[in-house]
Amino acid sequence: MATKLKPVDVVTVGVGLTGTILAKELADSGLKVVGLERGRWRDTDPDFAMPGAHDELKYVRRHELMQDLSKETLTFRNAMSETALPMRQLGSFLPGEGVGGAAVHWGGLTWRFLPWDFETKSRTLARYGKNQAAEDCTMQDWGVSYDELEPHFDRFEYLYGISGKAGNLQGKIISGGNPFEGPRSREYPNPPLKTAYSSALFAKAAQAMGYRPFPVPTGANSRPYKNEYGATIAACVYCGYCQFFGCEMGAKASPQTAVLPALMQNKNFELRTLCNVVKVNLDSEKKRAVSVTYVDSRGREFEQPADLVLLTSYVLNNTRLMLLSGIGKPYDPVANTGVVGRNYAYQTPSSVTLFFEDKNFNSFMGAGGLGLAIDEFNGDNFDHSGLGFIGGGFMQAGSNGARPIEVRPVPQGTPRWGSEWKKAVARYFNRSFSITIQGACQSYRTNYLDLDPTYRDAYGLPLLRMTFDRHENETKMSVWLTNKAAEIAKTIGPAKMNVSPRTGKYTIVPYQSTHNTGGAVMGADPQTSAVNKYLQSWDVPNVFVVGASAFPQNGGYNPTGTVGALTFQALEAIKTRYLKRPGALA
Amino acid sequence: MKESGRRNFLKSAAALGAAIPAGAAAQSKPAPHADHEKQHAQHMRAATAAAQQRPNMFLSQTEVAFLDAAVSHLIPKDELGPGAKEAGVTSFIDQQLFGGYGTMAKKYTQGPWPEGTPQQGYQSPLTPAAVYRAGIRDTNNYCLKTYGKSFDALSRAQQDEVLKALDGGKIELEQVRAQFFFNMLLANTVEGFFADPVYGGNRAKAGWKLVGFPGVAAVYTTFIEKHGVPYRAQPVSIADITQKVAQVDEHGHAIHVMLDDKAGV
């Protein structure tokens, strides 16, 4: 029997990137906010302290900072005709667990999606007609434009102290930045990171081919930076232990470095860790959330009443909690009805690896997002006529910290073990680099999330079931993009080259990207979206579902910058409109 | 040799030394007199020898013999330096199987367990510890049947043949799929060869020296811009820092001792 607690104004389910920002701002405005986090408290000191922070086995292979699957996982299948089976160990993607969420171990790349990305469907139809995308592609517009989101991108970049170079300042193209980005109101708060050798070679080659390289915008900060909350993010030292790790320097922007120092001082905010929310309780008409039920680390069950419930956990858990709680109509791919679980999408990463005999890159150095990129082949920045696909991706070369358990490239054809393998690993560990491509992924009628009929979590509740495969659009795009990268790579003159487009069935086994999207997508039409343009549930207006769960399809960039902008988009609507007159906003 | 030079030399020797088991090091008491560092170095050599003879927590002697033989093929000792066996990978695997990895502490273990598709990944009802137990037993049975000897007693060429057959799925094992067992063994061997020596493998930092990986990082803010200049340092392990045989800066990053080699790129 759950113990009923004293009501509060706001509950956040999850205390990661989105939850900390919303909690901070709403607590500042005088509301009582409780943050419920299923994982533990984590901070730069002592959790990411040296020398233990530089332990590849612990963080990259044993997933110290990531979700404990013994308690909860998901099931997966490629197609509806298969039986979904549990993801028993982490592989393809790595959801975080604990305060800060995945924004503790993220790589730091902080992009603004292209203006085109927010209007994928209408702009594709306008430029190419209805035959460019596959018939079962469920791409759609976001219900919000880039221009509407611009102030929110700006706010997030200044909060997290992003290092980069503007390419489009209020419509004026700036040399050295990304000429394809949407117009931004001002320059990045911090200058770009230094340039690694691999980036320099790539940029020189790209430039010679007429492309316009620019620094990848990143939350690995180029200099000490004090943000609007008075938090200081330190300068990156290029140690190479970045993605998959917490930063011992406090130099990677995260809830820990950018928001929590101020949030934890706010008397209106209460953090409860090791508390797992199992349900959002609705009133009898299922029109209003009245409370959330959670279980703490001593097995006690509590009911926390709140006026406003913010689902701020990872993409997958946001969607699962809606399904478990009956918020919105579950998606049915056969009848093509319902919205919750619809338009699950992912990323289509690929790469070209260059091997040299006469160049050393000190590949173990670097930072997440340390790289130079080109955007000529992203979004609709190039003519797709006759190509048979839509979308694209940015490509970059950089130095992100190679560590030999995970990153030890060998030329194609090298045996998997034995003396020859050993020689190749020794030869190329520091004499190779990759051009990586962040390919987009469209949404399809048969790619979706629902509840599994068989497998359950530690609380006896159904696991989320993921049905997903890559479609022809993504395969064609990946082959085309990867060949473009290979053309650039050839001019750099490597001794050998691996060209690795992403083809074939999607598999949940090897790591690819923690860029899961969709499931509770935003839009202008309640028939095809679970939340409105303010991330507010169409059906239960005092529930906001914040995160990449709102992306109707995924773009050719890392998602975090856009997640940050959507968080401020929701926040502004809550503060300026919802709190004054609680109810449906759209 | 001047005192400071000697100190640096001994520090380097210890840093290059090996896996230092945390327990053994914790028992070391600093000697109060001038010969402290000499004694310290001797102690470290003894500790290294002790680590190499550390009794196993999970593996039986039969299993140790199997793994010593198998990992010496996966990463062989050759002109480039020690292989997986010399680097203590068997000991690494023993510790991993005894701990959270071997028992799937952070993994989902509820059934049912149909085999599934390759895209669905690990679906065995067996934990990694149980996979090794079954895989080694079955492979030894296969070797007894085929060659009349257990795996460790076969010739190098025969062992190679068996491993290739496991890798290619050409042997039908009774309790686990051959490739499932082999892939796990290969992945753990690579882990043990390159993981921080605190986990019992990568002895004398053999894996890191092989590829030119410095282990615990230094501050590279300046060096990142020295394009094409190889950064060659004596690798530093976590224990080197906690045992104070490697120096650190104010943030705890290693201060690397650079290798004075004239090797080209």
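Computed from the coordinates by the stated procedures, all read-outs in this text should not be read as laboratory data. What you see is a predicted model; the values in this text were computed from it and never measured. For neighbour counting, all protein chains shown are included, and Cβ atoms are generated from backbone atoms with ideal geometry for every residue, glycine included.
Taking the DSSP beta bridges with both ends in the protein assembly as shown, the antiparallel portion is around 70 percent.
The trypsin sites (Lys or Arg not before Pro) found in region A:374-455 that occupy coil by DSSP, while having at most 16 further C-beta atoms within 10 Å, are A:ARG416, A:ARG445. The dipole here belongs to chain A: it is taken about the Cα centre, uses +1 on the Cβ of Lys and Arg and -1 on the Cβ of Asp and Glu, and is about 720 debye.
Take the Cα of B:ALA165, go 7 Å toward its beta carbon, and the backbone nitrogen atoms of region B:182-213 under 20 Å from that spot belong to B:182-186. With the Kirkwood sum run over all distinct C-alpha pairs, region A:519-586 has a hydrodynamic radius of 12.0 Å. Each residue of region A:469-482 is assigned a 3J(HN,Hα), and the resulting list reads 8, 7, 10, 4, 4, 6, 5, 4, 4, 5, 4, 5, 5, 5 Hz, derived from the Karplus form 6.51 cos²θ - 1.76 cosθ + 1.60 (θ = phi - 60°), x at Gly and Pro. Which of rounded, prolate, oblate describes region A:158-223, given a ≥ b ≥ c as roots of the alpha-carbon gyration tensor eigenvalues and a/c under 1.5 marking rounded, otherwise prolate only if a/b is larger than b/c? Since a/c reaches 1.5 but b/c is at least a/b, the shape of region A:158-223 is classed as oblate. Stretching A:VAL509 away from A:LEU5 to a fully extended chain increases their span by 177.2 nm, per 0.36 nm per residue minus the current alpha-carbon distance. For the charge dipole of the protein assembly as shown, defined by +1 on Lys and Arg C-beta atoms and -1 on Asp and Glu C-beta atoms about the Cα centroid, which residue among B:ILE136, A:GLY39, A:GLY388 has the Cα displaced farthest towards the positive pole? So the residue we want is B:ILE136. If you fit an axis through the alpha-carbon atoms of helix A:17-28 and take the longest principal axis of the Cα set of chain A, what angle between them do you get, 0 to 90°, nearest 10? Approximately 50 degrees, to the nearest 10. Short-range pairs are left out: with C-alpha atoms under 8 Å and at least six residues apart, the relative contact order of chain A is 22 percent. Of A:VAL104, B:VAL131, the sequence from fewest to most neighbouring Cβ atoms within 10 angstrom is B:VAL131, A:VAL104. Scanning residues 5 or more positions from A:ARG456 or on other chains, those with amide H under 5 Å from its amide H are A:LEU463, with H placed 1.01 Å from N in the peptide plane. Sorted largest first, the principal axis extents computed over the alpha-carbon atoms of region B:151-224 equal 55, 24, 22 Å.
In this structure the amide hydrogen of A:ALA495, modeled in the peptide plane, comes within under 5 Å of the amide hydrogens of A:PHE355, A:PHE356, A:GLU357, none closer than 5 places in sequence on its chain.
In this simple spin-label approximation, A:PHE382 and A:VAL290 carry label points 7 Å from Cα along the Cα→Cβ vector, and these lie 5.7 nm apart.
How large is the convex hull of the C-alpha atoms of the protein assembly as shown per residue, in Å³?
Numbers: hull volume 143.2 nm³, N = 851.
Cα convex hull per residue, to the nearest whole number: 168 Å³.
Here the Karplus curve 6.51 cos²θ - 1.76 cosθ + 1.60, taken at θ = phi - 60°, turns the phi angles of region A:149-154 into couplings of 7, 3, x, 6, 4, 4 Hz, with x standing for Gly and Pro. The magnitude of the dipole of region A:131-209, with charges of +1 and -1 set on the Cβ of Lys/Arg and Asp/Glu and taken from the Cα centre, is near 680 debye.
Annotation: amide H-H contacts under 5 Å for A:LEU370 (H modelled 1.01 Å from N, sequence separation of 5 or more, or interchain): A:SER399. For region A:403-475, a Kirkwood radius taken over Cα pairs fed into Stokes-Einstein (25 °C, viscosity 0.890 mPa s) yields D = 147 µm²/s. Its residues counted as N, region A:229-371 yields a C-alpha radius of gyration over 2.2 N^0.38 Å of 1.51.
Computed over region B:61-204, relative contact order equals 31 percent, with contacts defined as Cα pairs under 8 Å that lie 6+ residues apart. Each of B:THR146, B:LEU97, B:THR117 was placed along the dipole of region B:61-204 (beta-carbon charges, centred on the mean Cα), and the one lying farthest toward the positive end is B:THR117.
Between region A:425-503 and region B:98-158, the alpha-carbon centres lie 29 Å apart.
Here is the link list: A:LYS6/B:LYS107; A:LYS121/A:LYS580; A:LYS287/A:LYS533; A:LYS226/A:LYS580; A:LYS359/A:LYS476. Which ones come out longer than 28 Å on Cα distance?
A:LYS6/B:LYS107; A:LYS121/A:LYS580; A:LYS226/A:LYS580; A:LYS359/A:LYS476
For region A:278-359, GluC sites (Glu not before Pro) are listed when DSSP marks them as loop and at most 12 other Cβ atoms sit within 10 Å of their Cβ; the list is A:GLU285, A:GLU357. Couplings 3J(HN,Hα) for region A:449-455, derived from phi with the Karplus relation 6.51 cos²θ - 1.76 cosθ + 1.60 (θ = phi - 60°), are 10, 8, 9, 6, x, 10, 8 Hz, where x marks Gly and Pro.
Using the empirical formula 2.2 N^0.38 Å as the baseline, the Cα radius of gyration of region B:61-204 reaches a ratio of 1.04. Could you pull out the trypsin sites (Lys or Arg not before Pro) across region A:191-285 that fall in loop regions by DSSP (anything but H, G, I, E, B) with no more than 16 other Cβ atoms inside 10 Å? Here the sparse-neighbourhood loop sites are A:LYS267. So for region A:429-562, what are the equivalent ellipsoid semi-axes in whole Å, largest first, each being the square root of 5 times an eigenvalue of the Cα gyration tensor? Working from the Cα gyration tensor, I get semi-axes of 35, 19, 14 Å.
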